Amino acid sequence: PRLLLDSGKLKSEASRLHTSSTRACEFIQDEIRSLLVEEAQEMIPEEAADIITSLRGNQFSERNVEIEGQDHLHLKPLPPLELGPNDEFEPLLEQEPSQLAGQADWLASERIVYNLLKDQKACVKMIKNSEWSSFLQRFQQPHVAAKTTRKYPNQHDDIGPHDGYNLNSFVTSTSLLPPLGRKMKSYGSLHAYQCGVVFALPEPSNTETEEEAVRRTETWAWPAGYAAKTEHNIDLRTGKLINGRQEALVSLDTIRQHNRDYLEKKDHVIGGKLVEGGFTVIPYNEVFLRVGGTTRTLSEDLDENCNNQHVAGRMRTFDKGCGVFVALFVRTITIRDIMVLFRTRARIGHVLGQEYVKNMPLLYLSHEHGVRVFTEKLQQQFFQLIAHKVQPFQNPTLETQIKFDGTNESCMQQKLEELIDLDDGLLEALTPEQCARIAGGFGCTDDTVANVLKKSKLQDEKKRNGGHKLQDVVVEGMASAVRSGDYFTARQLLILYTLVSSEQYPNESADQKSDGKGHISCVLHDSASLFSDLTLLDVQNINQLALGSEIVPPPPPLDTDRLRRSTTAFGLLSVFGAAQILRAMKDGSAKQRTEESIEAVEEWVKYGEESLAFRLASWREQRADEQNVAVETNSQFMAFASGKAISNRKRFAEQLKAALSHADFSGIQFLWGINKVVASMHSPCLRLEILHYILGLDNRYSVLHVERSIELAATCLRVGHT
């Protein structure tokens, strides 16, 4: 159309109002509206179009978005909680060292490990944060030395599983600490080496002393302060020590005597030399110890009958291996490091097996405070604390590597391995809301989350008129996921909520918990965090679901409006979008709004076919609205001038009718129809706004947001169907 505009005037007005792009856009719109000639033949000046585009330079703000037909959207982030990852869990220090051994609430395994450390019958090893995977895999896969550098096998080669020794055994550097670990600093920095393990030393046999066994097996030891650096001072061809390391060796009894002197005497032997006045903090010593081999656990140490059954393949020895570690410890009491402790324990159980972490003692070990035992009572206090007062956080080493649209496979595997499994004692001590906050903010296994949700469902069913405990618990967990910015835990909660709330999910009493775990594993076959939702909406899957099966309705609606207004994260918006779509399907609003939208689009098509001016006015208004809608491209003028917009919207109305013709808006086939509509969109604006209206989404949702939300909603229904 021909616009009777003075381009110079327009430029001067735009420059004058550059501090307020909104006022400038309103001025231009008023000028266009007043000067539009209904039957004009000329095209709009490109110069004026460029000015309009430049005034839109400040993209729509996600913190202040106007939604047509809704209130003004203001992002309101959730308020931060009282404590953070660097705060300390002080109750762990309140134990009196003189009373530690007599604690009544200690497990037998905790007493055993405490006594081992007190009597210097255990060695410790620090593991670098980035090397846990290789360390755990070493117990399963022997390390083969390069043939080009080795002529003969030696005493320190890996020994693979054999003759009842089911684990690989290997030699590694450890430290033999003074009684209860006091005064001696462990290897590595606090930041890079947050957790370590404890190995129990073999008991002397009836036929051989410890010293004889150490010499025979070449279990080397060097005093505190001596830099053995075995990785550089062993002849790879012969396996023998070089560069004076052989001459510096000492016995384990000598190291024990030095350790006692560090605590009792003023003068200390450091690096083989007497230091008058001693040190406040003693550098670590080194013991080149063979670990692994036997699968003997502390539980078997407590079983008196175990020593009489298959002894040959179960005992710890210097030549076959000291077995797996018997305890896990952390070096500070910060909440961050304690969470690393629990995540590492979960990872060990996932890789080596749950039998190795069952009743495994958790310790705090430092040169300042010695040993503190993380008892079951203290663990309950810790989880209650993080459920109420601690700002949730992800593993900082994984947070930047795990993304919604692409994740490194090894990092995702580690995240799954670190999901915490809350045992029955913790589940009894914590409320469902507390468990949900821990699951959403820090990550828990599918079995843990499902049991928490099932417990809430049973509470609802006991009420006469039903209840909404289950929905409240899920929303609490999702709020923690928002605080930690964790898309995967929010997604897990939504999927498992759909599964547990499904009418096909078995109702079990509280004394049938073990069956629930098996059911979850049978249904999912994998973690809900990785359950694929990218292929559920193809034609083949839809047809398979439709044949011979009843429609599984969406779960009871979740009120996630407050959470959706509190985040701008792409993944979390998709999760809350899926929850809103399921809500719209459940309460019937999607069907009603689809019918209204079809009528509105058909009415627009009718007027658009009759009047070019109507289409141009529509384009003008649409360009103004695009500032507040998450569109990838601007509406093209020629699409409205040539009639392409009419054909697009006519086809859009037909697709909506097709979606409406399917089931009662409560099954996957409706989502399939809507997904086809989304897949055909290239540069939508009005059509995208209508989809927002139908599904109940705000206008921050781009086409990709909507598509991912639909896919996740389909995944939820598919899991419920299964």
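Here are a few things to note about the model shown:
- Extending 7 Å from the Cα toward the beta-carbon at both A600 and E428 defines two label points whose distance is 5.6 nm.
- When the pairs K121/K266; K415/K457; K606/K657; K121/K265 are compared against a 26 Å limit on Cα-Cα distance, K415/K457 fall above it.
- Neighbours of E418, meaning other residues whose beta-carbon lies under 13 angstrom from its beta-carbon, give a summed charge of 0 when Lys and Arg score +1 and Asp and Glu score -1.
- A full extension of the chain between A227 and L75 corresponds to an added length of 49.1 nm, given 0.36 nm per residue minus the alpha carbon distance.
- Cβ crowding within 10 Å averaged over residues, with 652-658, 608-614, 495-501 ranked highest first: 495-501, 652-658, 608-614
- Amide H contacts under 5 Å for I420, placed H, 5+ residues apart: C444, T445
- Modelled spin-label separation between S134 and E654, with each label point placed 7 Å from Cα along the Cα-to-Cβ direction: 6.1 nm.
- Accessible area in square angstrom per residue, the stretch 168-292, 1.4 angstrom probe: 48 Å²
- Listed residue pairs exceeding 31 Å between alpha carbons, taken from K591/K650; K118/K455; K76/K128; K454/K676; K403/K676: K118/K455; K76/K128; K454/K676
- Sequence-distant lysines (8 or more away, or on other chains) whose Cα lies within less than 24 Å of K240: K125, K147, K151, K229, K320
- Summarising the amide proton neighbourhood of A122: residues at separation of 5 or more, or on other chains, whose placed amide H is nearer than 5 Å comprise L201.
- Net charge in the neighbourhood of Q120 (other residues with Cβ under 11 Å of its Cβ; Lys, Arg +1, Asp, Glu -1) is +2.
- Length gained on full extension, L612 to Q257: 118.0 nm, using 0.36 nm per residue less the C-alpha separation.
- Our estimate of slack between D105 and Q141, defined as 0.36 nm per intervening residue step minus the Cα-Cα distance, is 9.2 nm.
The values are calculated or read from the model by the stated rules, or taken from the named source; none is laboratory data. Keep in mind that this is a model prediction, so the values were computed, not measured. Neighbour counts run over all protein chains shown; Cβ positions are idealised from the backbone, glycine included. Heavy atoms of the whole protein, side chains included, go into the accessibility calculation; ligands, DNA and RNA do not. Shrake-Rupley method; radii C 1.70, N 1.55, O 1.52, S 1.80 Å.
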